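The values are calculated or read from the model by the stated rules, or taken from the named source; none is laboratory data. These figures come from a predicted structure and were not determined experimentally. Note that we place each Cβ from the backbone using ideal geometry, even for glycine, and neighbour counts take in every protein chain shown.
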Amino acid sequence: MTSKPLHDTIHRVTQRIIANSRESRGRYLALMRRERERTPERGQVACSNLAHAYAGAGEDQAALVAKGGPNLAIVTSYNDMLSAHQPYGRYPERMKIWAREVGATAQVAGGTPAMCDGVTQGQDGMELSLFSRDVIALATAVALSHQMYDGVALLGICDKIVPGLMIGALRFGHLPAIFVPGGPMPSGIPNKQKQAVRQLYAEGKADRAALLESEMASYHTAGTCTFYGTANSNQMMMEMIGLHVPGAAFVPPGAALRQELTRAAVHRLAELGRAAERPLGEVVNEKAIVNAAVGLLATGGSTNHAIHLPAMARAAGIAIDWDDLAELSSAVPLVARIYPNGAGDVNQFQAAGGIGFVVGTLIEEGLAHPDILTVWEGGLAEYARTPQIAEEALVWLDTGDSRDLNMLRPASAPFQPDGGMKLLTGNLGRACIKTSAVDPARWTIEAPARIFATQAEVAQAFAAGELDRDVVVVVRFQGPRANGMPELHKLTPVLGVLQDRGYQVALVTDGRMSGASGKVAAAIHVTPEALGGGPLARLQDGDVVRVCAVTGALSTTADLEARVPAPDPTPEMGVGRELFGMFRHLADSAERGGSATLAEAGL
């Protein structure tokens, strides 16, 4: 594949990340070398230990005893409540068979939680959501701590699950690892239709039965949700880093191609494990992290990754922050419009050329590092090809041109010249804003603030007609240390209605918004958070607040220093939230990933 030289901005940001990460990355790689050298060969482990590990291995017992081939760990996030992860139920038994085909063995090393933000949106359980990533990382580490494995298959798809698996697995980065996706569900009703019903319900013009019927026509069967939220952004980033079998991201569950891609993942992982090649800690390097950020920006991906990507990078000793993301965004054009940034979903995106087209056009325009080490031979260019089954064999073909220019465009003729994720700064702190789904006429909002502590309070004020005006809605005490930084997706219909009524509307919050959100200007992840006296804690109703994605401003004309901050709220109990007090207490800032585990580990 021919390509232009690497873009100056991509090169400059990459070199800055390498420089800023030199000490921490050096410590990480030194730890991985030590782990590789000191991890005992199974033949040197006490027989009692081995007997425990092999006792449940069934027909693989003899092969394990003979040490005839690599033993692969399967870390699964299967449950059958979460549609995206339901297909994983039968993966392990099939993966064991495919391992045997190449003289390897596979064992389920452990399982992790997999909670669904779609189920917990607006509910108390959402306050466990971000910290479930830490729990998943810890569970992954527990699974791999038995040290009986030569490679790791990571079964996970959704919001916190992929980042959590990555963080945990990177502590065993001396082993090769492959992420194994499950694929999106078939398309349901158009996303615009779903959003319209939500807004009608918010206005009282549709009843609960109509709303439930609409939602179930959208989320209707097994597979990943089809909008381009955090889950599907995860899959895109795993391709850009090179941790999938090429093109595996968006092939639906149950398809023959999906089965062959999973089989290829097992075969490849066995090959890597046998040769002790391409360990995870070397695959996830500074260039790979930049590629993930570039892919995220080029496709208008989820704002949640402004938190998850720095956390994943830190686990590998790599330092990336919002300045880096904002500078990359200034150079990376938007080449995809997938709902909520467009009308079509990920299935239509896949049909138009999908991730293969995106990778190809980014390489051609010098916007991605093609020379990264991936789990597949050939580097990133292999991920610009599309898998197919031809004559009962798995093959990869050239993706070709976009088959729908309303959804996918070449980087030389994009939808917009930047990636649509910007950094806001000012006397209210630092925040992210995603502009790719917001009309440019609404990139600057200046209006009196209305202060809230919860989403429910916003809904009540809306129902009472108190927000029928130009307004900056401020929802504070939603940061990692306050209550676990829940997503505030239920604000989207309410604020969208106000905007549609002709008002100038913006949101400012130290909480998160869903990867499915868009339309309304939203300054999110504000740091410092309100807890402990952050600037948002000093705002009052009526203060004029300016949110400007053009100049990068997040400010107020009020004299914040002269004010006493609002008191910190008392943490709520129930739904297990009291068990997460340790995580809240230890959590670091949103820009550093909002993690308790990484902060406590000194990463």
Taking segment 379-418 only, how many residues are under 21 Å from Leu272 (Cα atoms) and surrounded by 14 or more Cβ atoms within 10 Å (Cβ to Cβ)?
-> 8
Looking only at helices (runs of 4 or more DSSP H) that fall completely inside segment 31-139, which ones have 3 or more residues that are of a type in the set (D, E, K, R), more than 21 Å from the chain's Cα centre (by Cα) and surrounded by 13 or more Cβ atoms within 10 Å (Cβ to Cβ)?
-> 91-101
Looking at segment 274-285, is at least one residue under 17 Å from the mean Cα position of the chain (by Cα) and either among the aromatic types (Phe, Trp, Tyr) or in the same structural domain as Leu31 (by TED's automatic domain parsing) (or both)?
-> yes
All but one of (1) hydroxyl-bearing (Ser, Thr, Tyr); (2) in a loop (DSSP other than H, G, I, E, B); (3) in contact with a Gly (Cβ under 6 Å, 6 or more places away or on another chain) hold for Thr386; which doesn't?
-> (2)
Determine which single condition Arg34 fails, assuming it passes every other condition in (1) closer than 30 Å to Val294 by Cα; (2) assigned by TED's automatic domain parsing to the domain that holds Pro181; (3) not acidic (Asp, Glu).
-> (1)
Please verify whether segment 399-406 includes one or more residues that are of a type in the set (Gly, Ala, Ser) and within 26 Å of Ile18 (Cα to Cα).
-> no
Residue in segment 363-384 that is polar (S, T, N, Q), free of Cβ contacts under 8 Å to residues at least 60 places away in the same chain and assigned by TED's automatic domain parsing to the domain that holds Ala231 present | no
Somewhere in segment 353-368, is a residue assigned to a strand (DSSP E or B) and hydrophobic (A, V, I, L, M, F, W, C)?
-> no
In the set Ala249, Ala202, Ala264, which member is touching a residue at least 40 places away in the same chain (Cβ under 8 Å), outside the structural domain of Val152 (by TED's automatic domain parsing) and out of contact with any Lys or Arg (no Cβ under 6 Å at 6 or more places or on another chain)?
-> Ala202
For segment 214-241, name all the residues that are out of contact with any helix residue (DSSP H, G or I) (no Cβ under 6 Å at 6 or more places or on another chain) and over 20 Å from Thr492 (Cβ atoms).
-> His220, Thr221, Gly223, Gln235, Met238
Take segment 535-565 and flag every residue that is assigned to a loop (DSSP other than H, G, I, E, B) and in contact with a Phe, Trp or Tyr (Cβ under 8 Å, 6 or more places away or on another chain).
-> Ala549, Val550
Residue count for segment 140-173, restricted to those that are within 25 Å of Pro87 (Cβ to Cβ) and either outside the structural domain of Glu93 (by TED's automatic domain parsing) or outside any helix (DSSP H, G or I) (or both) | 11
Members of segment 422-440 found to be assigned to a strand (DSSP E or B), touching a Lys or Arg at 6+ places or on another chain (Cβ under 7 Å) and surrounded by fewer than 23 Cβ atoms within 10 Å (Cβ to Cβ), listed by number = Leu423
Check whether at least one residue in segment 181-197 is assigned by TED's automatic domain parsing to the domain that holds Ser83, assigned to a loop (DSSP other than H, G, I, E, B), of a type outside the set (Val, Ile, Thr) and over 26 Å from Phe349 (Cα atoms), and report yes or no.
-> no
Run down Ser3, Ser83 and say which single residue is outside the structural domain of His146 (by TED's automatic domain parsing) and in contact (Cβ under 8 Å) with a residue 24 or more places away in the chain.
-> Ser3
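Per-residue answers, yes or no, for (1) of a type in the set (Val, Ile, Thr); (2) modelled with pLDDT under 95:
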| site | (1), (2) |
| --- | --- |
| Pro414 | no, no |
| Asp439 | no, yes |
| Thr444 | yes, no |
| Leu467 | no, no |
| Arg476 | no, no |
| Arg481 | no, no |
| Lys490 | no, yes |
| Pro493 | no, yes |
| Gly502 | no, no |
Has segment 252-262 got any residue that is farther than 19 Å from Pro184 by Cα and hydrophobic (A, V, I, L, M, F, W, C)?
-> no
Looking at Gly594, is it under 25 Å from the mean Cα position of the chain (by Cα), in a loop (DSSP other than H, G, I, E, B) and within 21 Å of Ala311 (Cβ to Cβ)?
-> yes
Name the single residue, out of those in segment 558-603 being among the polar types (S, T, N, Q) and in contact with a helix residue (DSSP H, G or I) (Cβ under 9 Å, 6 or more places away or on another chain), that is nearest to Gly532 (Cα to Cα).
-> Ser589
